[in-house]
Amino acid sequence: MFRNLRITVIAAAGIFAGGTALLVGAPAQAATTTPTLAKSVAYARDGAIYTSKGAGETKLTATAGNSRPRWSTDGRTLAYLHAGELWQMNADGTAQHKVTEGKAAGAAFSPDGQWIAYSAPDCLGGSGVYRIRAAAPHGVPEVLFPAACREQALPAPTAPTAADAAGQAASLTDRLRTDDAIAWSPDGKRIAFSGGDCESIFDDCLSIGNIETGMERTMAGFGGGGSEDGFAVVPAYRPDGAKVAWTTFDGTAMTITEAAADGSGRRQVGTSNDRELAYVDADRALVTAKYQGHSWVTLVDLNTGTRVPFQAGSQASVQP
C-alpha cells in the first residue's frame, strides 16, 4: 500500500505487452556442435555455478542453492546468490564469501567496477535497489531506489525463506515472477529493475531508474492500468548500451523482448519459452531455452535467429 504514496514516472507509450515486433522465421537449432566463445560464460545448473567457453566446463561451487552468477567488470570475480543471499568469489571459484546479510536478488557490477548493485526489501515494504562496495571489506549498503528511501534508515536484513535458500519455487513461472535480478547500464547512469514506483499502477512492472536523480521510467507494465496479466523480469543491457532486453510473460508464454534504451522499437527475439537473455555482443546473445527436454544455455544470432546449444543450464552471464 505504501507504493501508492510514491510519484510514478510513466513512459507515455510502449509500456504494455502489445505492439511488439517479432523476429520472424527464426530457424530451429542449426547445429549440435558446441560453439567456442572468446569469453567465458558463467551459468547455473542444479544449484551449482559453472563456467565454460565451449565443450568443457568448470564447476565453481557445490551443488546447493547457488544461482544468478554475474561477472565483475574486470572479469576477475563473480557475484552470485547462495542460499538466497549475495556472495562473491574469484573467477576460479576460490575466496567464496558473503557480501551482505539478508535476502537478495541477482546482482550487477557498476561499469567502473567499484560497486555491486542488487535488489532487496526496501524501507517501504517493496523491493528496492542497493549498492555495496565490490571490494572487501564491502561496507554498508547504500539505497539507490526508491529515492524516497535514500534518507531513511536502512531496514533490517530480511532472512531468506526456505524457497529462497534452495533457489526453488512451485514452478518456473513462479520463480521468474519473483526474480528481482537487475542490470546496470554500460554508461553507469541507470539501473533496470523489477518493480519500482510503477507498482502504484501495475501489479507487475519493469523500471529503469536514473541513479543521479532517483527518477524512474516504466519500461513494461502488467495487470493494471488497462494492461493484461504478466510480468517483465531479468533485464540485460547490450554492451554498447543501445539496447535493453528482458524476459516477458504475457499470461500464456515466456518470450524475450528487446527494445532501444528509450523503450522504442520493441521486438521479440528468439522463440517462445526463451528467457534470461545475456548479450555476447551486438549481434549475438545467450538465452535459456528448452533443448532435449531440459534447460540449455543457447547461442542465438540476433539478426538471423540461428540457434546453437551451448551448455546445459540457465542464467548465463558473459565475461566482459
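Are there any pairs, at least 6 apart or on different chains, whose C-beta atoms fall under 9 Å, with the first in the stretch 205-220 and under 9 Å from Arg190 (Cβ atoms) and without any contact (Cβ under 8 Å) to a residue 24 or more places away in the chain and the second assigned to a loop (DSSP other than H, G, I, E, B) and among the charged types (D, E, K, R), and if so, which?
Pairs that qualify, where the first residue is under 9 Å from Arg190 (Cβ atoms) and without any contact (Cβ under 8 Å) to a residue 24 or more places away in the chain and the partner is assigned to a loop (DSSP other than H, G, I, E, B) and among the charged types (D, E, K, R), are Asn210/Lys189.
Condition check ((1) under 21 Å from the mean Cα position of the chain (by Cα); (2) modelled with pLDDT of 50 or more; (3) not basic (Lys, Arg)) across all residues:
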site: Ala12; (1), (2), (3): no, no, yes
site: Gly18; (1), (2), (3): no, no, yes
site: Leu22; (1), (2), (3): no, no, yes
site: Thr33; (1), (2), (3): no, yes, yes
site: Val41; (1), (2), (3): yes, yes, yes
site: Ser52; (1), (2), (3): yes, yes, yes
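Has the stretch 74-87 got any residue that is touching a Leu at 6+ places or on another chain (Cβ under 8 Å) and surrounded by fewer than 24 Cβ atoms within 10 Å (Cβ to Cβ)?
Taking every residue of the stretch 74-87 in turn, at least one turns out to be touching a Leu at 6+ places or on another chain (Cβ under 8 Å) and surrounded by fewer than 24 Cβ atoms within 10 Å (Cβ to Cβ).
Would you point out the residue of the stretch 106-123, among those that are modelled with pLDDT of 95 or more and not in a strand (DSSP E or B), that is surrounded by the most Cβ atoms within 10 Å (Cβ to Cβ)?
Ala107
Give the residue, chosen from Glu151, Glu142, Glu101, that is among the acidic types (Asp, Glu), surrounded by fewer than 18 Cβ atoms within 10 Å (Cβ to Cβ) and closer than 23 Å to Thr178 by Cβ.
Just one listed residue meets the conditions, Glu101.
Would you mind finding the one in Thr306, Thr288, Thr298 that is over 20 Å from Ala48 (Cβ atoms) and of a type outside the set (A, V, I, L, M, F, W, C)?
Sole residue among the options that is over 20 Å from Ala48 (Cβ atoms) and of a type outside the set (A, V, I, L, M, F, W, C): Thr306.
Of the residues that make up the stretch 239-248, is at least one modelled with pLDDT under 95, farther than 30 Å from Gln114 by Cβ and either in contact with a strand residue (DSSP E or B) (Cβ under 9 Å, 6 or more places away or on another chain) or of a type in the set (D, E, K, R) (or both)?
Looking through the stretch 239-248, none of the residues is modelled with pLDDT under 95, farther than 30 Å from Gln114 by Cβ and either in contact with a strand residue (DSSP E or B) (Cβ under 9 Å, 6 or more places away or on another chain) or of a type in the set (D, E, K, R) (or both).
Residues are listed down the side, and each one gets a yes or a no for (1) buried (at least 22 other Cβ atoms within 10 Å of the Cβ); (2) more than 17 Å from Trp71 (Cβ to Cβ); (3) at pLDDT 95 or above:
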residue: Val234; (1), (2), (3): yes, no, yes
residue: Asp250; (1), (2), (3): no, yes, no
residue: Gly265; (1), (2), (3): no, yes, yes
residue: Ala289; (1), (2), (3): yes, yes, yes
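For the stretch 144-158, check the following and say yes or no: at least one residue is over 20 Å from the mean Cα position of the chain (by Cα), of a type in the set (S, T, N, Q) and assigned to a loop (DSSP other than H, G, I, E, B).
So far as the stretch 144-158 goes, yes, one or more of its residues are over 20 Å from the mean Cα position of the chain (by Cα), of a type in the set (S, T, N, Q) and assigned to a loop (DSSP other than H, G, I, E, B).
Please indicate, with yes or no, whether at least one residue in the stretch 194-210 is of a type outside the set (Val, Ile, Thr), modelled with pLDDT of 95 or more and under 24 Å from Ala83 (Cβ atoms).
Checked the stretch 194-210: at least one residue is of a type outside the set (Val, Ile, Thr), modelled with pLDDT of 95 or more and under 24 Å from Ala83 (Cβ atoms).
The values are calculated or read from the model by the stated rules, or taken from the named source; none is laboratory data. All figures in this text were calculated on a predicted structure; none of them were measured in a lab. Glycine gets a Cβ as well: all are built from the backbone with ideal geometry, and neighbour counts include every protein chain shown.
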